[in-house]
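Take a look at the structure below.
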2 protein chains.
Amino acid sequence: MSKSIFYHAGCPVCVSAEHDIVNLIGQDQVDIVNIGEDRSRIGEAEAAGITSVPALVTPNGNVLHINFGASLADVKG
Amino acid sequence: MSKSIFYHAGCPVCVSAEHDIVNLIGQDQVDIVNIGEDRSRIGEAEAAGITSVPALVTPNGNVLHINFGASLADVKG
């Protein structure tokens with residue numbers, strides 16, 4: 001994969017970080033996934049190693065947890 | 001300012017995140033500051049709102065704490 005994936009859950013911290021990441025790396029370089037809404041992708045986020053949102057998975061598969069909005073456990077509810 | 005500033009302290013988590021950030025946003029778009037070595041810049045990091053490293057301060061002044069390497073208190077020692 002050549003794009004990064006930004007996972008979030010719609011929280012204020014998530015939205016702020018989303019704006020910053022899009023500004024920094026460019027809208028066309030990142031797919032945005034809201035796992036609070038698109039719950040079918042929670043498993044994919046978990047498999048990538050994400051433990052909290054917002055988080056960015058880089059093209060080489062590294063996870064960058066950015067600030068702290070909510071734990072994945074909280075998103076799963 | 002138009003560049004981001006990446007503050008770190010030389011820890012393994014910091015170095016890994018530095019590589020990811022440089023790859024994502026480009027070497028020429030980010031200044032790298034090691035506050036473990038350049039201790040005169042710890043105050044500047046603190047004033048920007050950084051509480052742990054690694055952290056990125058965006059051109060508009062937002063702080064993105066990325067993963068967790070060390071608290072600023074630990075860096076200050």
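Any read-out appearing in this document is the output of simple, stated calculations on the displayed coordinates, not a laboratory observation. Worth saying up front: this structure is predicted, and the values here are computed from it rather than measured. FYI the Cβ positions are ideal-geometry reconstructions off the backbone, even for glycines, and counts take in every protein chain you see.
Here the range B:35-47 is the region considered, the condition is being small (Gly, Ala, Ser) and in contact (Cβ under 8 Å) with a residue 24 or more places away in the chain, and the residue that is surrounded by the most Cβ atoms within 10 Å (Cβ to Cβ) is B:45. Residue count for the range B:49-73, restricted to those that are free of Cβ contacts under 8 Å to residues at least 24 places away in the same chain, more than 9 Å from chain A (Cβ to nearest Cβ) and either surrounded by fewer than 19 Cβ atoms within 10 Å (Cβ to Cβ) or out of contact with any strand residue (DSSP E or B) (no Cβ under 7 Å at 6 or more places or on another chain) (or both): 5. Being loosely packed, with under 15 Cβ neighbours inside 10 Å and not charged (D, E, K, R) is the filter here, so list the residues in the range A:16-31 that pass it. If the condition is that a residue be loosely packed, with under 15 Cβ neighbours inside 10 Å and not charged (D, E, K, R), then A:19, A:26, A:27 are the ones that fit.
Among the numbered conditions (1) within 10 Å of the chain's Cα centre (by Cα); (2) farther than 24 Å from residue B:69 by Cβ, the only one that residue A:56 does not meet is (2). Of the residues A:32, A:42, A:5, the single one that is more than 17 Å from residue B:58 (Cα to Cα) and within 14 Å of chain B (Cβ to nearest Cβ) is A:5.
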